[in-house]
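> My structure is below; once you've seen it, I'll send some questions.
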Amino acid sequence: MATIAANTAVNEPGPSQDKAATVDLQAIIRETQVGEVLDQLDRELVGLVPVKRRIREIAAYLAVTRARKALNLDASPPSLHMCFTGNPGTGKTTVALRMAEILHRLGYVRKGHVVSVTRDDLVGQYIGHTAPKTKEVLKKAMGGVLFIDEAYYLYRPENERDYGQEAIEILLQVMENNRDDLVVILAGYKNRMDTFFQSNPGMSSRIAHHIDFPDYSAEELLLIARKMVEQMHYRFNAGAETAMREYIAARLTQPNFANARSIRNALDRARLRQANRLFESPYGIDMEALMSLSEPDIRASRVFTQGSGGEAETGG
Amino acid sequence: MMTNPMQRLTQGQFSFLPDLSDAEIKQQIEYGLEKGYAWSVEYTDDPHPRNTFWEMFGMPMFDLKDAAGVMMELAACRKTFPNHYIRMMAFDSTRNVESITMSFIVNRPPSEPGFGLVRQEVQGRSLRYTVQGYSSAKPEGERY
């Protein structure tokens, strides 16, 4: 909380204001319980340091905006449309969900729900289909956050009659006119989003916050694996964690690595193997056995046997 | 006695009250959304009491969370039909209800002449009655 803890009052001079007027910023933070959400974000999400810092800044900014409002220091509401870029599995969707909650607690959006869409939900099939479709989605998202995943698909330069452009125009119009009704978050891979913004400069300039999600390090991935296992009510037994560490190191060098998502898939496959192992076991099974993932469950992965050969995401 | 002393159409909710302001309309919409109703916007320039089906302005809006979306649609309808009657309808999709539960007029033409009673004499002294709007003689789109 240290970054927001500006416990002195807002003391900028206001128009015809009593300069001695104070407002308790800490009270705003307490009352909105935004600190709780930020702490939860810190606890539950591994790594992502620049992302967390940016979110803290935004939260602080909104809290200060509220404090200013309490003293009648007029300011137009800040534009909070965002763009999340990063490789697959770096937590863009998860952070978007948290963002909605933070914005809701600080009273920036009224309802705080997230409407998650992709190109299919916005762009129509034939002439005249796109506008109503896009508008319907926008209406559903009002009062909350519209999360557009893989946003670069909206624009297809190879087809000049593509309806995506129409969807973008409507989106831009609503982003501008209904700024206090909804927040739009675009997400996608870095390089493809960059080309998307190059061809849609209007979009780029209307988005105030471009947040880049870094890849996880091997150490962070292991931490993520531990958390996931815990959430699934399993646990690694003695050798399994070392095996997982080696698995991550090996998997990192292979193509199609999708960060946390790959880890989740690897764990899902390990669970399959564990189930199969228990299934074939002639002995009775206790709770401990049901809960533990052991070394062979992870070692059996094709990542180890194939070396650095190209393993598809569907592989073992 | 005058039958239409206020020179106002009185159909649906709140029609004996002064016109609702946008903030009041928004509150009503918010109330409906909380109950899980789907709002829709309808318009007509033929407000005969038996004309229950007005024209739909866009689709009914399901799965909305906030009144801003409905207000946006209403603003669009007012822009297109400034001199028509416009009403908001809330549809309750609960099983075995499945009908309109709220309906109120949010836009009126500047002058509302009302309806006249046409008496038709049939078979001796019997009478048949017809309610006819004073402005309904004109073609569609030129009535108000």
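The values are calculated or read from the model by the stated rules, or taken from the named source; none is laboratory data. The structure presented is a predicted model; accordingly, all values stated were derived computationally and were not measured. Neighbour counts are summed over all protein chains in view; Cβ atoms, including those assigned to glycine, are modelled from backbone coordinates with ideal geometry. Surface accessibility is based on the protein's heavy atoms, side chains included, excluding ligands, DNA and RNA. Shrake-Rupley method; radii C 1.70, N 1.55, O 1.52, S 1.80 Å.
> Considering only segment B:38-63, how many residues are more than 17 Å from A:Glu136 (Cα to Cα) and either within 14 Å of another protein chain (Cβ to nearest Cβ) or in contact with a Lys or Arg (Cβ under 8 Å, 6 or more places away or on another chain) (or both)?
The qualifying residues number 4.
> Same structure, new question: Select the helices (runs of 4 or more DSSP H) contained entirely in segment A:197-277, then report the ones holding at least 1 residues which are at pLDDT 90 or above and under 23 Å from the mean Cα position of the chain (by Cα). Before the answer, list the steps.
Working: elements: A:201-206, A:218-231, A:238-252.
Helices (runs of 4 or more DSSP H) meeting the threshold: A:218-231, A:238-252.
> Pull up segment A:139-188, narrow it to residues that are within 14 Å of chain B (Cβ to nearest Cβ) and open to solvent by 60 Å² or more (accessible area, probe 1.4 Å), then point me to the one that is farthest from A:Arg110 (Cα to Cα).
A:Gln173
> Moving on to the next point. Need pairs with beta-carbon distance below 7 Å; first residue without any contact (Cβ under 8 Å) to a residue 12 or more places away in the chain and of a type in the set (Ser, Thr, Tyr) and within segment A:166-187, second assigned to a loop (DSSP other than H, G, I, E, B) and buried (at least 23 other Cβ atoms within 10 Å of the Cβ); sequence gap 6+ or separate chains.
none
> Anything in segment B:6-27 that is in contact (Cβ under 8 Å) with a residue 40 or more places away in the chain and either within 15 Å of the chain's Cα centre (by Cα) or closer than 14 Å to B:Asn107 by Cβ (or both)? List them, or say none.
Scanning segment B:6-27 gives B:Arg8, B:Leu9, B:Gln11, B:Gly12, B:Gln13, B:Phe14, B:Ser15, B:Asp19, B:Leu20, B:Asp22, B:Ile25.
> While we're looking at this one, here's another question. Any idea how many residues of segment B:104-127 are in contact (Cβ under 8 Å) with a residue 24 or more places away in the chain and in a strand (DSSP E or B)? Full working, then the answer.
We begin by selecting, within segment B:104-127, every residue in contact (Cβ under 8 Å) with a residue 24 or more places away in the chain; these are B:104-115.
With the extra rule that they be in a strand (DSSP E or B), the set shrinks to B:104-107, B:115.
Qualifying residue count for the region: 5.
> Which residues, counting only those in segment B:59-75, are under 18 Å from B:Ile105 (Cβ atoms) and either open to solvent by less than 40 Å² (accessible area, probe 1.4 Å) or in contact (Cβ under 8 Å) with a residue 40 or more places away in the chain (or both)?
So in segment B:59-75, the residues under 18 Å from B:Ile105 (Cβ atoms) come out as B:60, B:67, B:70-71, B:73-75.
Listed by number, the residues that qualify are B:Ala67, B:Val70, B:Met71, B:Glu73, B:Leu74.
> With (1) of a type outside the set (S, T, N, Q); (2) outside any loop (DSSP other than H, G, I, E, B); (3) open to solvent by 80 Å² or more (accessible area, probe 1.4 Å); (4) away from every other protein chain (no Cβ under 14 Å) as the list, and B:Phe91 as the residue in question, which single condition is left unmet?
The number of the failed condition is (3).
> Quick test for you: out of A:Ala208, A:Ala238, pick the one residue that is exposed (fewer than 14 other Cβ atoms within 10 Å of the Cβ) and in the same structural domain as A:Val115 (by the TED database). Break it down stepwise before answering.
Working: A:Ala238 fails: in the same structural domain as A:Val115 (by the TED database).
Checking each option against the conditions leaves just A:Ala208.
> Give the residue, chosen from A:Lys133, A:Lys92, A:Lys111, that is within 14 Å of another protein chain (Cβ to nearest Cβ), among the basic types (Lys, Arg) and either farther than 22 Å from A:Arg66 by Cβ or under 17 Å from the mean Cα position of the chain (by Cα) (or both).
Being within 14 Å of another protein chain (Cβ to nearest Cβ), among the basic types (Lys, Arg) and either farther than 22 Å from A:Arg66 by Cβ or under 17 Å from the mean Cα position of the chain (by Cα) (or both) holds for just one of A:Lys133, A:Lys92, A:Lys111, which is A:Lys133.
> Yes or no: A:Tyr283 crowded, with 16+ Cβ neighbours inside 10 Å and of a type in the set (Ser, Thr, Tyr)?
Judged against the criteria, A:Tyr283 is not a match.
> Among the residues of segment A:99-118 satisfying the criterion of being under 18 Å from A:Asp42 (Cβ atoms) and open to solvent by less than 40 Å² (accessible area, probe 1.4 Å), which is modelled with the lowest pLDDT? It would help to see each step written out before you state the result.
Here is the first cut: in segment A:99-118, the ones under 18 Å from A:Asp42 (Cβ atoms) are A:99-103, A:105-106.
Remaining after also requiring open to solvent by less than 40 Å² (accessible area, probe 1.4 Å): A:99-100, A:102-103, A:106.
Values: A:Met99: 87, A:Ala100: 90, A:Ile102: 85, A:Leu103: 88, A:Leu106: 81.
Looking at residues that are under 18 Å from A:Asp42 (Cβ atoms) and open to solvent by less than 40 Å² (accessible area, probe 1.4 Å), I get A:Leu106.
> Can you tell me which residues in segment A:289-316 are modelled with pLDDT of 75 or more, in a loop (DSSP other than H, G, I, E, B) and under 30 Å from the mean Cα position of the chain (by Cα)? Write out each step before concluding.
Keep residues of segment A:289-316 that are modelled with pLDDT of 75 or more, which gives A:289-305.
Right, trim to in a loop (DSSP other than H, G, I, E, B) and you get A:294, A:300-301.
Listed by number, the list holds a single entry, A:Ser301.
> Taking the stated definitions as given, is B:Phe53 open to solvent by 70 Å² or more (accessible area, probe 1.4 Å) and under 15 Å from the mean Cα position of the chain (by Cα)?
Considered against the rule, which asks whether it is open to solvent by 70 Å² or more (accessible area, probe 1.4 Å) and under 15 Å from the mean Cα position of the chain (by Cα), B:Phe53 comes out as yes.
> Please enumerate the residues belonging to segment B:1-50 that are aromatic (Phe, Trp, Tyr) and surrounded by fewer than 15 Cβ atoms within 10 Å (Cβ to Cβ).
B:Phe16, B:Tyr31
> Please find, among A:Pro132, A:Pro88, the residue that is without any contact (Cβ under 8 Å) to a residue 12 or more places away in the chain and on the phi < 0 side of the Ramachandran plot.
Selected residue: A:Pro132, the only one of A:Pro132, A:Pro88 that is without any contact (Cβ under 8 Å) to a residue 12 or more places away in the chain and on the phi < 0 side of the Ramachandran plot.
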